[in-house]
Amino acid sequence: MQRSDLPADFVFGTATAAYQIEGAVSEDGRGDSIWDAFARRPGAIADGRTGEPADDHYHRYREDIGIMADLGVDAYRFSLSWSRIQADGTGPGNPAGLDFYRRLAEGLLERGVTPWATLYHWDLPQALEERGGWLERDTASRFADYAAIVADSLGDVIGDWITLNEPWCSSFLGYAGGVHAPGRTEGASAARAAHHLLLGHGLALPRLREAMPTATVGITLNLYSVRPATESAADRDAARRIDGLSNRLFLDPVLTGAYPEDVIEDLGEQDWFAEHAPAEDLAAISAPVDFLGINYYSRHTVRAGTVAAAAAASSYPGSETVEIVDTGAPRTLMGWEIHPDGLLDVLEQAHALAPALPLVVTENGSAYADVVAPDGSVDDPERTAYLEQHIGACRDAVERGLPLRGYFVWSLMDNFEWAWGYTRRFGLVHVDYATQRRTLKTSARWLARFLGRRAGEEPA
Ligand code: FCB
């Protein structure tokens with residue numbers, strides 16, 4: 001496979017998120033986010049650590065831009081820390097916070113890397129969580145105000161925007177499973193958080209359009225390929241439920257303007273949605289976007305399980321009894337099964353709902369137990385193979401005629417992997433957290449060659 005197997009304007013990029021890489025959590029007026037507060041909770045993070053200093057990217061961003069320029073990527077997807085821009089989630093923008101992202105964007109442009117900015121990658125200002133967080137409708141309005149501040153300030157240097165990253169994680173892992181910030185276990189009420197997140201997206205859209213009429217704006221969903229373990233009615237119903245909660249609850253409102261009734265019923269939330277998700281909300285949520293971002297990692301093969309096996313605080317409220325089956329497929333260190341063809345499934349699923357809408361894989365990648373050799377090199381053949389297979393699936397998607405426009409590797413560099421702390425490495429670039437030394441892994445060198453770097457120009 002080579003780059004020329006994909007269209008010349010196909011975008012190859014790398015991705016990160018603010019809290020996972022920046023550090024500098026109390027610098028230049030940044031306020032706490034829900035992840036700062038959650039990470040301080042004993043037992044919340046596998047290694048007991050926090051996003052300070054992570055990759056110290058706030059101070060080392062120039063070096064990181066240089067690495068991307070050397071790799072030859074077209075674009076870099078990063079996220080903005082809301083609490084760097086509005087410490088408590090309200091009021092005017094903090095000039096120091098906005099200036100950091102301007103320097104980052106300008107630095108990228110100088111090196112020929114196009115900045116793609118995500119407005120919300122899970123780090124709600126803690127002050128807003130204390131007022132109810134995403135369970136409160138008002139948080140959606142706060143998000144739209146924040147989006148407007150950012151667009152007014154950075155719209156001249158950033159043309160590609162993503163409103164939300166993975167609202168399923170923000171709502172169901174954060175408010176039902178409790179394994180992500182803010183660590184609440186509110187059961188099916190997590191669906192209300194999902195509605196308010198999507199409403200935030202919907203209210204932000206016109207504000208972004210007004211400030212940046214020529215920008216391209218999308219939303220990123222994490223989609224799973226979901227299959228029943230057998231063709232039994234019970235297993236097919238299990239697949240319907242998990243596809244419903246993880247995929248359709250988000251795809252349908254954004255692309256078709258309606259929530260899937262079966263999923264709202266599974267959740268037992270019909271009354272709340274009837275009263276609190278009126279037609280005008282759905283009209284805002286389904287306003288046209290310029291592309292759909294899809295984060296794809298794995299497939300879920302599911303079967304109908306038993307009540308006894310159900311987790312107490314499930315991230316699938318109302319469908320707690322469904323079990324995810326081990327199919328024997330190879331897994332990454334996250335335990336996630338590797339199914340490159342599942343990427344085609346989710347692209348097809350989204351495409352069927354919105355045939356004209358461009359699609360972008362805004363994240364895909366893998367964690368492995370990387371080892372630094374005595375000579376300092378990091379050889380990661382599994383990650384290299386994972387990348388090759390999934391980029392191959394992108395080529396297949398384009399050959400099938402799907403409007404797939406780009407692919408971003410998660411992640412540029414090892415970073416704070418949320419509840420897993422620093423125990424899971426997803427980077428193309430290895431980070432020694434004691435020294436902050438960055439080392440290109442074999443996968444990074446493979447990508448650079450794939451992107452057309454000649455041997456002599458191979459990045460150091
Ligand atoms: C995604 C997140 C990203 C990273 C990868 C591994 O769900 O968007 O921040 O943690 O998983």
Worksheet, complete the sentence: Row for segment 253-329, column shape: gyration tensor on C-alpha, a ≥ b ≥ c, rounded if a/c < 1.5 i.e. under 1.5, prolate if a/b over b/c, else oblate; value oblate
Worksheet, complete the sentence: At 20 °C in a medium of viscosity 1.002 mPa s, segment 75-209 has a Stokes-Einstein diffusion coefficient, with Rh taken as the Kirkwood radius over alpha carbon pairs, in µm² per second, of 143
Worksheet item: So how much slack lies between S232 and R103, counting 0.36 nm per residue of separation and subtracting their Cα-Cα distance, in nm?
Response: 40.8 nm
Worksheet, complete the sentence: For segment 26-106, the Kirkwood Rh over every pair of distinct alpha carbons, in Å, works out to 14.4
Item to complete: For E186, list long-range residues whose amide hydrogen, built 1.01 Å from N in the peptide plane, is under 5 Å from its own amide hydrogen.
Response: A176
Discussion item. Show me, bin by bin at 10 Å from 0, the whole-percent P(r) of the chain based on Cα pairs.
Written reply: 4, 21, 33, 28, 11, 1, 0
Response to the item:
Candidate cut points under GluC sites (Glu not before Pro) in segment 155-245, DSSP loop plus at most 15 other Cβ atoms within 10 Å of their own Cβ, are E231
Worksheet item: Packing-wise, with mean Cβ within 10 Å as the measure, how do 304-311, 24-31 rank, highest first?
Response: 24-31, 304-311
Response to the item:
Quick shape check on segment 124-168: root eigenvalues a ≥ b ≥ c of the Cα gyration tensor, a/c under 1.5 is rounded, otherwise prolate if a/b tops b/c, else oblate, and it reads prolate
Worksheet entry | Förster-model FRET efficiency, 41 Å R0, R437 and D9, C-beta, rounded to 0.05 | 0.70
Practice prompt. Along Cα→Cβ, 7 Å out, is where each label goes; now give me the distance between the ones at A258 and L333 in nm to one decimal.
Written response: 4.6
Discussion item. Through the Karplus equation 6.51 cos²θ - 1.76 cosθ + 1.60, θ set to phi - 60°, convert the phi angles of segment 62-69 into ³J(HN,Hα) values in whole Hz; use x for Gly and Pro.
Written reply: 5, 4, 5, 4, x, 4, 5, 4
Worksheet entry | Full-extension gain in nm, R131 to R40, via 0.36 nm per residue minus C-alpha separation | 30.8 nm
Worksheet entry | 5 angstrom amide H check on W116, placed H, neighbours 5+ away | Y76, R77, F78
Worksheet entry | A311 paired with R49, simple spin-label distance in nm, labels 7 Å along Cα-to-beta-carbon | 2.4
Discussion item. Just to compare against my own numbers: the Cα pair-distance distribution for segment 268-398, 5 Å bins, whole % per bin, please.
Written reply: 2, 8, 13, 13, 14, 15, 15, 10, 5, 2, 1, 1, 0
Worksheet item: With every protein chain kept in the model, how would you rank T327, T90, T439, T362 by accessible area, 1.4 Å probe, largest at the top?
Response: T327, T90, T439, T362
Item to complete: Consider a paramagnetic label point 7 Å from the Cα of D156 along Cα→Cβ; state which residues of segment 65-107 have an amide N under 20 Å from it.
Response: 93-107
Worksheet entry | Unit charges on C-beta of K, R, D, E only; dipole of the chain, Debye | 700
Fill in: In segment 155-213, the chymotrypsin sites (Phe, Trp or Tyr not before Pro) that fall in loop regions by DSSP, at most 14 other Cβ within 10 Å
none
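The values are calculated or read from the model by the stated rules, or taken from the named source; none is laboratory data. Note that the structure is a prediction, hence the values are computed from the model and not measured. Don't worry about glycine lacking a Cβ; one is built from the backbone with ideal geometry, like all the others, and counts go over all protein chains shown. Heavy atoms of the whole protein, side chains included, go into the accessibility calculation; ligands, DNA and RNA do not. Shrake-Rupley method; radii C 1.70, N 1.55, O 1.52, S 1.80 Å.
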